[in-house]
Amino acid sequence: MVDDTELELLYGYPADLDRPWVQVNFVSSADGAAAVDGRSAGLSSPADKRIFALGRDLADVVLVGRRTATAEKYRGVKPTEVRAERRSRLGLSPVPPIAVVTARGSLEPDSLLLTDTLVPPIVLTTAAAPTARLAALSDAGADVVVAGDGEVDPHLALAALAERKLLRVCCEGGPTLFGSMIAADAVDQLCLTVAPLLAGAGPDRIAPAGLPTGGAAGLPAVDPAGTPTIPRALTLASVLTEDGFLMLRYRRAS
């Protein structure tokens, strides 16, 4: 592995962003599993954890699906000495908020995301979510945003983050959210750690089968010229390795 200065250069966001720029962080087994015993911790390593923490250090906002937030026992991002120095030097807020994607507003008001945090979480939900549930989340301090009718639309969700000047988006999954971001052609960079482990059949893969391969409302994802963008070509931007783990960084091809 390289030192923190070089890692920061490798994984830094583009300068002068004028739109949300989405980096997705994932760890998987060599056969593509996203978790062992329901959590990603069984696939991780010290090097992977270092890159994971760096992703949060460099971001304006952490984007995560509700199921992943629940399974991984998410709470607000905590300040550390390294994080405080890095974010202050880069002109970022002390800690990034967590933005949770949940179509039905299925987050409890006493969740650690609301009760153990320095900044209010953002709840990205839909018009189909029960009004009373959303009101309870709002009363508990969440910034509740309706970003779709029956499902959260990635483009509307990212637009809501942009309105809040949160352009450096660190998406931490899970698989369903990653799949929807792929379908919307909204992924700019994939940071994938591959663990030297075979998990076998059963666990979720990092992007699940059965999701639409188009954009919003099931329409094909296209570029401004009208050309379909799925599959989306990527460029291998960097490769790091430590203790048999591969840390791969892919950027969308121009």
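The values are calculated or read from the model by the stated rules, or taken from the named source; none is laboratory data. Please read all numbers here as calculations on a predicted model, not as lab measurements. As a convention, Cβ positions derive from the backbone with ideal geometry for all residues, glycine included, and neighbour counts pool all protein chains shown. Just the protein is used for accessible areas: all its heavy atoms, side chains included, with ligands, DNA and RNA removed. Shrake-Rupley method; radii C 1.70, N 1.55, O 1.52, S 1.80 Å.
Phi angles of region 16-32 translate, via the Karplus equation with coefficients 6.51, -1.76, 1.60 and θ = phi - 60°, into HN-Hα couplings of 6, 5, 10, 7, x, 10, 9, 9, 10, 10, 9, 10, 9, 6, 4, 9, x Hz per residue; Gly and Pro are given as x. Based on DSSP H segments of at least four residues, each scored -39500 (n - 2.57), the chain has a per-residue ellipticity at 222 nm of -7500 deg cm²/dmol.
Counting only protein chain heavy atoms and rolling a 1.4 Å probe, the accessible areas of ARG89, ARG133 rank, largest first, as ARG89, ARG133. Pairs of alpha carbons in region 107-174 separated by more than 16 Å make up 50% of all such pairs. Distances between placed amide hydrogens fall under 5 Å for LEU234 paired with ALA253, all partners being 5 or more residues away or on another chain.
Take every Cα pair under 8 Å whose residues are at least 6 apart in sequence, average their separation, divide by the length of the chain, and the relative contact order is 25 percent.
May I ask you to list the residues of region 145-172 whose amide nitrogen lies under 19 Å from a point 7 Å from Cα along the Cα→beta-carbon direction of ARG104? Hits in region 145-172 for ARG104 at 19 Å: 145-153. Normalised size of the chain, defined as Cα radius of gyration per 2.2 N^0.38 Å with N residues, equals 0.97. Sorted largest first, the principal axis extents computed over the alpha-carbon atoms of region 34-113 equal 37, 29, 18 Å.
For the chain, carbon and sulfur atoms together expose 57% of the accessible surface, with a 1.4 angstrom probe and every protein chain in place. Across region 101-192, C-alpha contacts under 8 Å between residues 6 or more apart give a mean separation that, scaled by the residue count, equals a relative contact order of 25 percent.
A 1.4 Å probe run over the protein chains yields, for region 98-194, 39 Å² of accessible area per residue, whole-number rounding.
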